[in-house]
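Worksheet: the structure to be examined is printed underneath.
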């Protein structure tokens, strides 16, 4: 039987003028997804609409986009914001307390009860997957790490856009790969497999063309980030330069995790400070911290070699940390967070 037909039957069976419900949102720069459940946690349905990068698009445009998204989602299932038992908004661009409060005010304006709104950064959301101490690091187009200690304090490291940070991300890998290719064009290194892949993908065959390509895409993360896949493929095919890039960028992600652990412990002097200095790191004693470490983002999840580097470093220096990959989607986690937080 068609999934949407089953969903419609379930909805009609529960239909009520004042149906109480929970809502979860997963909103990125491209798309925004909303998922509803009834008070008994059975599924009502989902809605897909336009996304919003709240930190770059600003409050006014963000307000307009979120109102449009929620108006359409609520209308589809004939729900009222005043009947919401709890809503969790996991959004790209909630990077400060001020932005969190702005997001909450947008939903208050729509009629959601002030005490029933949870607004978090889309990475911070994954902290809700574990009880007690927990870490989550994302390496996708960008990178970031969050941690929560035994006292419930939450700490953040990185994720301040691709100019200030995003180390170890797809953008970082792609940029390092393109620089390596430029060096190859300049006769300064040897990366034949990587060079062939980048040349075929970009059409860049000379340093002059490389210069134009970088200037055209310096602030556009997607084309540069897309080169990360080529770098991973080249590494798997035996290109040593590509393999070095993958290892170094995986080490940067672990540096985010390590520094977040230091913040959780209140020991800032032991932080790695962005780059993973091997000599410094080798002299650090393994931490006794017991926690889950959730890995998310396309690079962490899809690049096995990259992920294995992080796992191996964790085994050496964070032996009591359990590395995991979420089985649920971010949207399901957001809905679950709303159900649990406002139960």
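Would you mind finding the one in 211, 220 that is in contact with a helix residue (DSSP H, G or I) (Cβ under 9 Å, 6 or more places away or on another chain) and not assigned by TED's automatic domain parsing to the domain that holds residue 298?
Values: 220 fails: in contact with a helix residue (DSSP H, G or I) (Cβ under 9 Å, 6 or more places away or on another chain).
None of the others qualify; the one that does is 211.
Take residue 96 and tell me if it is free of Cβ contacts under 8 Å to residues at least 60 places away in the same chain and out of contact with any helix residue (DSSP H, G or I) (no Cβ under 9 Å at 6 or more places or on another chain). Let's see the steps before the verdict.
Numbers: free of Cβ contacts under 8 Å to residues at least 60 places away in the same chain: yes; out of contact with any helix residue (DSSP H, G or I) (no Cβ under 9 Å at 6 or more places or on another chain): no.
For residue 96, the condition - free of Cβ contacts under 8 Å to residues at least 60 places away in the same chain and out of contact with any helix residue (DSSP H, G or I) (no Cβ under 9 Å at 6 or more places or on another chain) - is not met.
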Picking from 94, 117, which residue would you name as being more than 14 Å from the chain's Cα centre (by Cα) and under 20 Å from residue 33 (Cβ atoms)? 117
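Return yes or no: is residue 47 assigned to a strand (DSSP E or B), surrounded by 15 or more Cβ atoms within 10 Å (Cβ to Cβ) and in contact (Cβ under 8 Å) with a residue 12 or more places away in the chain? Steps first, answer last, please.
Numbers: assigned to a strand (DSSP E or B): yes; surrounded by 15 or more Cβ atoms within 10 Å (Cβ to Cβ): yes; in contact (Cβ under 8 Å) with a residue 12 or more places away in the chain: yes.
Taking the combined requirement at face value, the residue satisfies it.
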Output the qualifying pairs, or none if there are none: Cβ atoms under 7 angstrom, residues six or more apart or on different chains, first residue in region 109-127 and at positive phi, second residue surrounded by fewer than 20 Cβ atoms within 10 Å (Cβ to Cβ) and assigned to a helix (DSSP H, G or I). 111/81; 111/82
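Using the structure shown, decide if residue 286 is at pLDDT 90 or above and either assigned to a helix (DSSP H, G or I) or in contact with a helix residue (DSSP H, G or I) (Cβ under 6 Å, 6 or more places away or on another chain) (or both).
Working: at pLDDT 90 or above: no; either assigned to a helix (DSSP H, G or I) or in contact with a helix residue (DSSP H, G or I) (Cβ under 6 Å, 6 or more places away or on another chain) (or both): yes.
So residue 286 does not fit the description; no.
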Can you name the helices (runs of 4 or more DSSP H) wholly within region 185-252 that have at least 3 residues being more than 15 Å from residue 299 (Cα to Cα)? 192-202, 207-217
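Across region 27-44, what is the total count of residues that are surrounded by 15 or more Cβ atoms within 10 Å (Cβ to Cβ) and modelled with pLDDT under 95?
Residues of region 27-44 surrounded by 15 or more Cβ atoms within 10 Å (Cβ to Cβ): 27-29, 32-38, 43-44.
Imposing the further condition that a residue be modelled with pLDDT under 95 reduces the set to 27-29, 32.
The number of residues fulfilling the criteria is 4.
The values are calculated or read from the model by the stated rules, or taken from the named source; none is laboratory data. Please read all numbers here as calculations on a predicted model, not as lab measurements. Heads up, the Cβs are rebuilt from the backbone with ideal geometry, glycines too, and the neighbour counts pull from every protein chain shown.
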